[in-house]
Amino acid sequence: MEKGAGSPAPGGSYPQKNAEILSSQYGINLFLAGLLLTFAWAVHAVGISKSHLLSYLITLMLIQLLWMLWYLCRSCTQRRLIRDKDTHAGARWLKCGITLFAVITLILDSFKIGYYIDFSNCLSPTEGIFPVTHAVHTILQVYFLWCHAKDIIQSFKTLERFGVIHSVFTNLLLWTNGVLTESKHQLNEHKERLITLGFGNITIVLDDHAPQCNCTTTTLCSIFSQGIYYLYPFNIEYHILASTMLYVLWKNIGRKVEHHQQHKTPFKFHGITVGMIFGLIVLISTIAIVVVYLIQIGGSKIKSELALTMFYLHAIFVLALMCTAGIIALLIYRLEDRSLDNSKNPARKLDAELLVGTAAGSWLLSWGSILAIICAQAHPKYTWYNLPYSALVIIEKYIQNLFIIESIHREQEKVNDNIKTLRIVTISRGSTLSLSPSYKEIYNGRAAHDSGEVPCLFKGSLCGRENGGGGRAKGTASQESSAVRPSASDFSFHSRNSVTNNKRRILKNIAAFLFLCNLSLWIPPAFGCRPEYDNGLEEIVFGFEPWIIVVNLAMPFSIFYRMHSAASLFEVNCKT
């Protein structure tokens, strides 16, 4: 149980705990109401139109805008105050990532505005107001996260809990709306492809929400309508990243932190060439596979089967490489003896929970495919490749989750390789203590005495003695320089340090390789390359509607898992 900072009595934490419970319940009810409204629109419920859903989302965004403006104004008036910061929250690379997604989201909003203008005769005004409000909301929210994602709020805590949790669930509802809109588009394309694969026994009923009027400029309408669906994956990632960063801010309200300096860990390309090369090969080949897949699938039965076979073989090869890399990394960890950092850290805890929670989406789809292959009576040749693919998806995420979670919990090394190792030796002649150079300095010929400087270890003792000794001190220094030789312990330390550096280099290459592989595996489902839709075997075993519901529920989590894993692996690479 967290206590608010400066609580006068042990019981002072109870009001804050109650505020945390009340705000979380407020957010959940806000989300459930919006979720039911979204579901009602999706199934064409009587009396529920898209304008009702958009009006609800616009209202939530306006409330969040008012809260963010109030918070920014209050922070501006108190800018001279020293505030606690969570150094683990809101990393710079995470802010850069969410900014990139936000820029693409703004392009999506501009496409929606153009789409509304072209179909303004038969669209509700809310469909024009929504993208404008969403664009303003996006700009202010990104600015807010850049400036205040690390804040640990210690004033107006009850009010701020409601404001932050409102922002969290507003972004989750916007994410849900984006997922549903994109899924409906993918589903319509999927139904058309099934005909080419010979599954004519499945009823094809397109779920069309297209405007019931003609476009004023046909060319622009086509560009806007098609471009919107290619930009939705970035919008989806933007809102889920924003909600996670805001959730960490909510968890940090009233938290007491230990004031210790965190070492900055910038990303460096040095030493990860091998991992980057192999990762880029996987990335480029995946993009090529996706392009060919989208061209071939639905063209004819033979082309569709070849596209599915090509996808499965490529994915099996990539997943096998990722499993091997993950196992090697875990074996290296087993050989090392380094303690884990178990201190309280909301950002790190959320990362671990999201990894396991979102992986469940892929596991659900994989077990469904495995069960369908076992139970199906007829097995087209290409469906057999789905069996090792599904099994490797399960195994790879087991291994990768273990590697990432252990990596983010491992304590960083406190001694940097660039820092020269110093040791204190006793010179028997004259019993004078001196600070001798390390084996590295001796080997490279950069000992302190070469520059004419004698380091002072103990002011008033060693330095005073040397200053008082005159020529005797110089003679002692010259004797020291001739007496110091690299000992057996020095070479032993050098050997251990070399092994440690090699292990770190291997781990950094593995993290870089897995980072690019996860980005590669994010691309296919995000841009419509979804064999879970297209192979048709699961629809026969489970039924079309039940399997489509499972895919639509699980696929967003599977897509988010890859992007979140890539972000976590980037952090691992910086930390290693």
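For residue 336, the accessible surface of its heavy atoms amounts to roughly 40 Å² (probe 1.4 Å, protein chains only, rounded to the nearest 10).
For region 94-101, putting each phi into the Karplus relation 6.51 cos²θ - 1.76 cosθ + 1.60 with θ = phi - 60° gives couplings of 5, 5, 5, x, 5, 5, 4, 5 Hz, in residue order, rounded to whole numbers and with x for Gly and Pro.
If the chain between residue 313 and residue 398 were fully stretched, how many nm would it gain, using 0.36 nm times the residue separation less the Cα-Cα distance? Please report the intermediate quantities before stating the final value.
On the way: separation 85, 0.36 × 85 = 30.60 nm, distance 2.08 nm.
The residue 313-residue 398 span can extend by a further 28.5 nm.
For residue 410, the residues whose amide H sits under 5 Å from its own are 341, ignoring neighbours fewer than 5 places away on the same chain, with H placed 1.01 Å from N. Could you tally the net charge around residue 569, taking each other residue with its Cβ under 12 Å from the Cβ of residue 569, Lys/Arg +1 and Asp/Glu -1? Neighbour charge sum, excluding residue 569 itself: +1. For the pair residue 349 and residue 62, label points projected 7 Å from Cα toward Cβ lie 3.7 nm apart. For the set 74, 504, 334, 92, the ranking by accessible area, highest first and with no ligand, DNA or RNA atoms included, is 92, 334, 504, 74 under a 1.4 Å probe. Ordered from largest to smallest accessible area (heavy atoms of protein chains, 1.4 Å probe), the residues 43, 164 come out as 43, 164. Note: relative contact order over region 15-256, using C-alpha pairs below 8 Å and six or more positions apart, is 35 percent.
Computed from backbone phi, the HN-Hα couplings of region 529-534 come to 8, 10, x, 4, 6, 8 Hz, rounded to whole numbers (Karplus: 6.51 cos²θ - 1.76 cosθ + 1.60, θ = phi - 60°; Gly and Pro given as x).
Calculate how large, on average over all directions, the projected area of the Cα convex hull of region 15-256 is; give the answer in nm² to one decimal. Show your work: numbers first, answer last.
Numbers: hull surface 63.7 nm².
Convex hull of Cα atoms, orientation-averaged projection: 15.9 nm².
Residues 564, 52, sorted by accessible area with the largest first, give 52, 564 [1.4 Å probe; ligands and nucleic acids excluded].
Assuming R0 = 30 Å, what is the FRET efficiency of residue 110 and residue 300, from their Cβ-Cβ distance, to the nearest 0.05? The calculated FRET efficiency here is 0.20.
For a Förster distance of 56 Å, can you work out the FRET efficiency between the beta-carbons of residue 217 and residue 330, rounded to the nearest 0.05?
E between residue 217 and residue 330, to the nearest 0.05, is 0.45.
Note on residue 529: accessible area approximately 0 square angstrom, rounded to 10, probe 1.4 Å, nucleic acids and ligands left out.
Please go through the residue pairs 344/397; 157/256; 85/349; 251/508 and name each one whose alpha carbons sit more than 21 Å apart in this structure.
Numbers: 344/397 25 Å; 157/256 13 Å; 85/349 17 Å; 251/508 31 Å.
Over 21 Å apart, Cα to Cα: 344/397; 251/508.
Model label points for residue 159 and residue 84, set 7 angstrom from Cα along the Cα-to-Cβ axis, are 2.1 nm apart. Per-residue Karplus couplings for region 58-71, computed as 6.51 cos²θ - 1.76 cosθ + 1.60 with θ equal to phi - 60°, are listed in order as 4, 4, 5, 5, 5, 4, 5, 4, 5, 5, 5, 5, 5, 5 Hz, Gly and Pro entered as x.
Can you tell me the length gained on complete extension of the stretch residue 274 to residue 120, counting 0.36 nm per residue apart and subtracting the Cα distance? Don't jump to the answer; show the numbers that get you there.
Numbers: separation 154, 0.36 × 154 = 55.44 nm, distance 5.37 nm.
Residue separation times 0.36 nm, minus the Cα-Cα distance, leaves 50.1 nm.
If the chain between residue 292 and residue 40 were fully stretched, how many nm would it gain, using 0.36 nm times the residue separation less the Cα-Cα distance? If you can, show how the numbers build up before the last one.
Working: separation 252, 0.36 × 252 = 90.72 nm, distance 3.66 nm.
Net length gain for the segment: 87.1 nm.
Say R0 is 25 Å: what FRET efficiency, to the nearest 0.05, do residue 553 and residue 26 get from their beta-carbon distance? Present the calculation step by step, with values, prior to reporting the outcome.
Numbers: r = 25 Å, r/R0 = 1.00.
The pair residue 553/residue 26 has a calculated efficiency of 0.50.
The values are calculated or read from the model by the stated rules, or taken from the named source; none is laboratory data. Note that the coordinates shown come from a computational prediction; the quantities given were computed from them, not determined experimentally. Positions of Cβ are generated from backbone atoms using ideal geometry, with glycine treated the same way; all protein chains shown enter the neighbour counts. Areas reflect the complete protein model, heavy atoms only, side chains present, ligands, DNA and RNA absent. Shrake-Rupley method; radii C 1.70, N 1.55, O 1.52, S 1.80 Å.
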